[in-house]
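As structure tokens, the structure follows; a few thoughts come after it.
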């Protein structure tokens, strides 16, 4: 819990400081006087000012944002000798650059963070597939448990290597959003018998892009051996006598190919409102034995699934994804662009009803993921921080009042018409923007709570 809170505070602190630093440095560069650089809102808990007429740096009690307050005749009296340093007196191009510099700083930070994660190296599961879900697109395409996906292509002619299972899932998600099939080169686990298959992802509606997308397509967890891990005391696995290290050979006479097949058998072992007793054939340190296992029933959405309260499957084979100095920057820029476009596409599809608003996440989900990524290692946390930085940069560029993009929209109107937006319309747009942002924040927080309760 403490790790999660500290990781969340660090994440917000870094992203807010970088965003406001972008506004601050560009304002100073264009000769605008900056009165205050604030991290957070509300009562200041720390402040520093080099001299009375210099910028005041403060940290406030509510660290959920920040702002840079500049000298501006619209917000108070400005001495005649300082009017040339007022924000409102600067040319339109300079005002626009100052406003855009905050989101731009977040995007540049994302490039550097992704690059740093690639330089350090990230341990990710090798792109070896578990047994596809019966009837899924993956099974229909001819993919099998143990297949190693080595490359992907849009057209079946120009191939790009697949670095890991994470990379494969990313390519699948983008193909679904683009509404196109995905060509894959697959071989067995030793790299032999390479063949080309086509995932018909153009048949998957974009609205189905959510946490359960991969399972519906048939690409579950990475391949792992059907070996039992630790069992929770008092759970069905422990009650049946299963032990850590037991290798499951068959269930009810049917061979178990991998951990995914084992999980599916457990999930489907429901008879009415209760778990159905299964006959497990197990290899325990070379000795064959038969164990009766009765899963408990647990609600998942509108259905009941079986659970045995134990870790199922050995650890998957891992690969280290690492880039060189130049390639790391190139990959960082490419991933920042891809995530930016993915974010915009998802927002656009949610706006027209082609994607679920359940994909919106708020501070609770960010805090949860921040804590998890920190525990996985520095490279994982840097990648997570880059992802949130991209999201912050893109969202702030949306043409909504109260956001940087809204101000850029005002300046676009001024550039086209030759006059600024009237005070009356500014007030109306600000109120509308505030109402819309509150609605989006409430929806994101609702999704967070529902997700944490396991109801999504």
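For the reader, a short list of remarks on this structure follows.
- Members of the stretch 307-330 that are out of contact with any strand residue (DSSP E or B) (no Cβ under 7 Å at 6 or more places or on another chain) and outside any loop (DSSP other than H, G, I, E, B): 325, 326, 327, 328, 329, 330
- Enumeration of residues in the stretch 19-51 that are in a helix (DSSP H, G or I), surrounded by 20 or more Cβ atoms within 10 Å (Cβ to Cβ) and in contact with a helix residue (DSSP H, G or I) (Cβ under 7 Å, 6 or more places away or on another chain): 19, 20, 22, 23, 26, 27
- Filtering the stretch 285-315 to residues that are touching a helix residue (DSSP H, G or I) at 6+ places or on another chain (Cβ under 7 Å) and free of Cβ contacts under 8 Å to residues at least 60 places away in the same chain leaves 291, 292, 293, 294, 295, 305, 306.
- Qualifying residue in the stretch 394-416 (condition: more than 30 Å from residue 345 (Cβ to Cβ) and outside any loop (DSSP other than H, G, I, E, B)): no
- Qualifying position, being under 30 Å from residue 120 (Cα atoms), touching a residue at least 24 places away in the same chain (Cβ under 8 Å) and in contact with a helix residue (DSSP H, G or I) (Cβ under 7 Å, 6 or more places away or on another chain), among 320, 336: 336
- Close contacts from the stretch 170-182, counting a first residue that is on the phi > 0 side of the Ramachandran plot and a second that is surrounded by fewer than 21 Cβ atoms within 10 Å (Cβ to Cβ), with Cβ to Cβ under 6 Å and a gap of 6+ residues or different chains, come to 179/202.
- Residue check, residue 242 part of a loop (DSSP other than H, G, I, E, B) and within 24 Å of the chain's Cα centre (by Cα): no
- Single residue of 258, 178, 271 found to be out of contact with any helix residue (DSSP H, G or I) (no Cβ under 9 Å at 6 or more places or on another chain) and closer than 30 Å to residue 320 by Cα: 258
- Qualifying residue in the stretch 405-417 (condition: surrounded by 14 or more Cβ atoms within 10 Å (Cβ to Cβ), farther than 26 Å from residue 101 by Cβ and either at pLDDT below 80 or out of contact with any strand residue (DSSP E or B) (no Cβ under 8 Å at 6 or more places or on another chain) (or both)): no
- Unmet requirement for residue 202, which otherwise passes all of (1) loosely packed, with under 15 Cβ neighbours inside 10 Å; (2) under 30 Å from the mean Cα position of the chain (by Cα); (3) not in a helix (DSSP H, G or I): (3)
Yes/no per residue for (1) within 30 Å of residue 11 (Cβ to Cβ); (2) buried (at least 24 other Cβ atoms within 10 Å of the Cβ); (3) at pLDDT 90 or above; (4) in contact with a helix residue (DSSP H, G or I) (Cβ under 9 Å, 6 or more places away or on another chain):
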site: 104; (1), (2), (3), (4): yes, no, yes, yes
site: 111; (1), (2), (3), (4): yes, no, yes, yes
site: 114; (1), (2), (3), (4): yes, yes, yes, yes
site: 126; (1), (2), (3), (4): yes, no, yes, yes
site: 129; (1), (2), (3), (4): no, yes, yes, yes
site: 133; (1), (2), (3), (4): no, no, no, yes
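- Lone unmet requirement of (1) surrounded by 20 or more Cβ atoms within 10 Å (Cβ to Cβ); (2) modelled with pLDDT of 90 or more; (3) touching a helix residue (DSSP H, G or I) at 6+ places or on another chain (Cβ under 6 Å) for residue 11: (2)
The values are calculated or read from the model by the stated rules, or taken from the named source; none is laboratory data. Here the structure is a predicted model, which means the values were calculated and not measured. A quick note on method: Cβ atoms are made from the backbone with ideal geometry, for glycine too, and the neighbour counts reach across all protein chains shown.
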